[in-house]
Amino acid sequence: MSNMASPFTNAADLALAARHEIISMTSIAKASHVASALSVVDILSVLYTGTASISPEKVSEPDRDVVILSKGHSASALYSVLALQKFFPKDWLAHYCENDAPLGGHVTSKGVPGVELSTGSLGHGLPYGLGIAMARKKSGAMGRVFVVMSDGECDEGTTWEAAMIANHHNLNNLVVIVDRNRIQSLTFTEDTLKLEPFADKWAAFGWQVQTVPGHDHELLSNALASKTQPSCIIADTTKGKGVDFMENSVLWHYKPPAADDVKKAFVQLSENY
Amino acid sequence: MRDTFVKTLLEAAKYDPNIILMTGDLGYGVLDTFQTELPSQFINSGVNEQAMMGMAAGYASTGKRVFVYSIGNFPTLRCLEQIRNDVCLMNNPVVIVSVGAGYAYGSQGYTHHALEDIAVLRALPNMEVIVPADPIETHGLTLAVIASSKPTYLRLGKSNEPEIHTTPPKISVGVINEIKTGTDGTLLFAGSVGVLAVAAAKELETQGISVAVASMPFVSTIDLNYLSSALVKGPVIVIEEHAYRGGVGSAVLEAVNSANLQGSIGLIASDQSNLSQIGDQNFLRVANGISTEKIVQKFNALKVN
């Protein structure tokens, strides 16, 4: 895991390394959303180990695959994966949220290679990705667009506006992956604003829907290979995945890990993976 | 203005496949020719301004110049955060085109009146706010916008606006277009309220007062050269069809203050005193404090005898 190491080719290795970085960087920065990042990191690890055709050399190529992390609060997961995959220097992670540092608490694109869109206000990533997908479809350009969303984000009306538009225009180059961890800002999604029957909703909007275990790299990878889109993959995840005291807890949506928490979390990671 | 805009855009788009026109399901009878002639460059998104604006930003990020067309508040206030984050922050080359500036939609009611749009959009970073005076200026400004890649807000009137300019003005970003010279002061306007300024100048002339009349289409890039010499001559009255707070007049006051210019400035704008009153554009202008008479009064009140 030094700076000299090669990029990861295996999603499981990348996800484990990224989990360590996420826990460290949120602790150093005293930042929120560690559990959101641990929830989504397997999805990102699958995308960035070959599923999405994107690499540090290709970040400006017009036919690259585009990955948009619409749930911008899980920035530490995206930054960790991009740093480990050599999109930018790994030592940036230790300066997360510092004054004048490149990496902000919500996903920041300016000056950060590999980040396609600054996010943080929910419900922006899908319309934006839809625009890229439509432009490519109209001009015959290649490259798919992957939009990674939270489930709470599906409370936003733009999600369903965009879902209708994508279906109407037959955008088979657009893939939505919902990190379905069932917890949002204050409590569980189903106690806040019912999303279920969630898969049926996407299907009713004309999307091909697959529900997969969201921490299983192989099953995620298989689901993402499907190109009969617009395609929605509901990734069943666990918020805080990999660290038992962070799992399924609203507390860790906000609480930064203290030094002692980091130690305990690292022990957990060595036991669980 | 809207027909001139669409015609100008269509002619350019025929030779430039990077020009895309999006609408939020508005423009009946106005956008048809564009849609028929260039279907691959036209998208009717449906009635969904927020998703449309995000989509326009993403579309534009692939190197296209995307024009988003709708009425007054729909492509502006309805989707403000998409403009702020996806267009302005990302600096994507989107052009927001609204029709129905001020009270142009008259008796359609306050929901269709655009009175706060300039204030809100000119507060956004990277955004160029442009308010054409008449069809002639609209043509030149549309060409200038096509040539630019900045996030832009083009605020159009509706239809049948009288031509204020007799000859096409030379369009240059941030430059005020003078229509009539004058020695005692200046009536500076943005938008189709120019007719009121022209009428007020004639009225002042009968009182032996000579005022310049000028169109200021660039609201976020202010022409300080023009303003500094205008303020030396006498009072400058800024006339707009928009709320007082944050509008064109505010923009002029801010610029003058920053540049430390001295002089007398008066504002004519909507006092928003009659939100629910029904009537046509001319009726509502007067009802909300925008009239030739008010311009003359304001000028005379500021003039040093």
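The values are calculated or read from the model by the stated rules, or taken from the named source; none is laboratory data. Bear in mind that the values here come from a model prediction, so they are computed numbers and not experimental data. Here the Cβ is made from the backbone with ideal geometry for all residues, glycine too, and neighbour counts use every protein chain on show. Remember, those area values only see protein heavy atoms, side chains included, never the ligands or the DNA or RNA. Shrake-Rupley method; radii C 1.70, N 1.55, O 1.52, S 1.80 Å.
Considering every alpha-carbon pair of chain A, the percent of pairs per 10 Å bin, from zero through the bin containing the longest distance, is 7, 33, 38, 19, 3, 0.
Remark on chain B: Rg and Dmax equal 18.8, 62 Å (Cα only). Sorted on the mean count of surrounding Cβ atoms within 10 Å across their residues, most packed first, peptides A:253-261, B:285-293 read B:285-293, A:253-261.
For the protein assembly as shown, what is Rg from Cα atoms divided by 2.2 N^0.38 Å, rounded to two decimals? Don't skip to the end; give the middle numbers.
Numbers: Rg = 27.2 Å, N = 578, 2.2 N^0.38 = 24.7 Å.
The reported ratio for this selection is 1.10.
Dimensions of the range B:265-305 along the principal axes, based on C-alpha atoms and rounded to the nearest Å, stand at 40, 14, 9, largest first. In order along the range B:200-211, phi translates into HN-Hα couplings of 5, 4, 5, 4, 5, 4, 5, 8, x, 10, 10, 10 Hz, rounded to whole numbers, per the Karplus curve 6.51 cos²θ - 1.76 cosθ + 1.60 with θ = phi - 60° and x for Gly and Pro. Spatial offset of the range A:108-162 relative to the range B:275-297 amounts to 44 Å, using the alpha carbon center of each.
Find the eigenvalues of the gyration tensor of the Cα atoms of the range A:217-273, then list the square roots of 5 times those eigenvalues as equivalent ellipsoid semi-axes, largest first, in whole angstrom.
Numbers: eigenvalues 190, 41, 12 Å².
Its equivalent ellipsoid spans semi-axes of 31, 14, 8 Å.
Computed from Cα atoms, the angle from the helix A:259-272 axis to the main principal axis of chain A rounds to 60 degrees. Sorted largest first, the spans of the alpha carbon positions of the range B:177-304 along the three principal axes are 41, 34, 24 Å. Across q = 0.08 Å⁻¹, the range B:38-182 modelled as identical point scatterers on its alpha-carbon atoms has Debye log10 I(q)/I(0) values of -0.22, in the order of the q list. For chain B, the longest principal axis of the Cα atoms and the long axis of helix B:49-60 meet at an angle of about 80 degrees. Histogrammed with a bin width of 10 Å, the alpha carbon distances of the range A:55-148 distribute as 17, 47, 29, 6, 0 percent, first bin at zero.
Which percent, to the nearest 5, of DSSP beta bridges fully inside chain A are antiparallel?
Bridges in chain A are about 5 percent antiparallel.
Across peptide A:151-162, the average count of Cβ atoms from other chains found within 10 Å of a residue's Cβ is 3. Expressed to the nearest 5 percent, the antiparallel share of DSSP beta bridges inside the range B:177-304 is 15 percent. Proximity of backbone amide H atoms, modeled 1.01 Å from N, is registered between B:E128 and B:T152, B:Y153 at under 5 Å, excluding neighbours fewer than 5 places apart on the same chain.
Per residue of chain A, what 222 nm ellipticity follows from adding -39500 (n - 2.57) for every DSSP H run with n ≥ 4, rounded to the nearest 500? That comes out to -12000 deg cm²/dmol. Taking every protein chain into account, the accessible area of the range B:2-156 amounts to 32 square angstrom per residue (probe 1.4 Å). In a simple Cβ point-charge model (Lys, Arg +1; Asp, Glu -1; nothing else charged), chain B has a dipole of about 360 debye relative to its Cα centre.
Enter the mean number of other protein chain beta carbons within 10 Å of the beta carbon of each residue in B:63-74, as an integer. Please report the intermediate quantities before stating the final value.
Numbers: counts 3, 4, 0, 2, 0, 0, 0, 0, 0, 0, 0, 0.
Across B:63-74, the average partner-chain Cβ count within 10 Å equals 1.
Of the accessible area of the protein assembly as shown, computed with a 1.4 Å probe over protein heavy atoms only, carbon and sulfur atoms account for 52 percent. The C-alpha atoms of chain B define a longest principal axis, and helix B:2-15 lies at about 50 degrees to it.
Counting Lys and Arg as +1 and Asp and Glu as -1, each charge on the Cβ, what is the dipole of the range A:1-108 about the Cα centre in debye, to the nearest 20? List each step's numbers first, then the result.
On the way: 7 positive and 10 negative charges, 41 e Å.
It comes to approximately 200 debye.
Give the peptides B:262-272, A:147-157 in descending order of average Cβ contacts within 10 Å, highest first. Can you show the working numbers first?
Details: B:262-272: 18.5, A:147-157: 23.3.
Ranked from most to least packed, the peptides come out as A:147-157, B:262-272.
Here the peptides B:238-248, A:120-130 are ranked by packing, the mean other Cβ count within 10 Å, and the order with the highest first is A:120-130, B:238-248.
The A-B contact accounts for approximately 1700 Å² of buried accessible area, totalled over both chains at a 1.4 Å probe radius.
Take every DSSP beta bridge whose two residues both sit in the protein assembly as shown, then give the antiparallel share in percent to the nearest 5. Could the numbers behind the result be given before it?
Working: 6 of 65 bridges.
Within the protein assembly as shown, antiparallel bridges account for around 10 percent of the total.
Taken residue by residue and averaged, Cβ atoms of other chains lying within 10 Å of the Cβ of B:43-50 number 5.
Could you sort out which of A:K110/B:K150; B:K7/B:K170; B:K150/B:K298; A:K30/A:K263; B:K180/B:K298 sit more than 26 Å apart by Cα distance in this structure?
Working: A:K110/B:K150 17 Å; B:K7/B:K170 20 Å; B:K150/B:K298 36 Å; A:K30/A:K263 15 Å; B:K180/B:K298 19 Å.
Among A:K110/B:K150; B:K7/B:K170; B:K150/B:K298; A:K30/A:K263; B:K180/B:K298, the Cα-Cα distance tops 26 Å for B:K150/B:K298.
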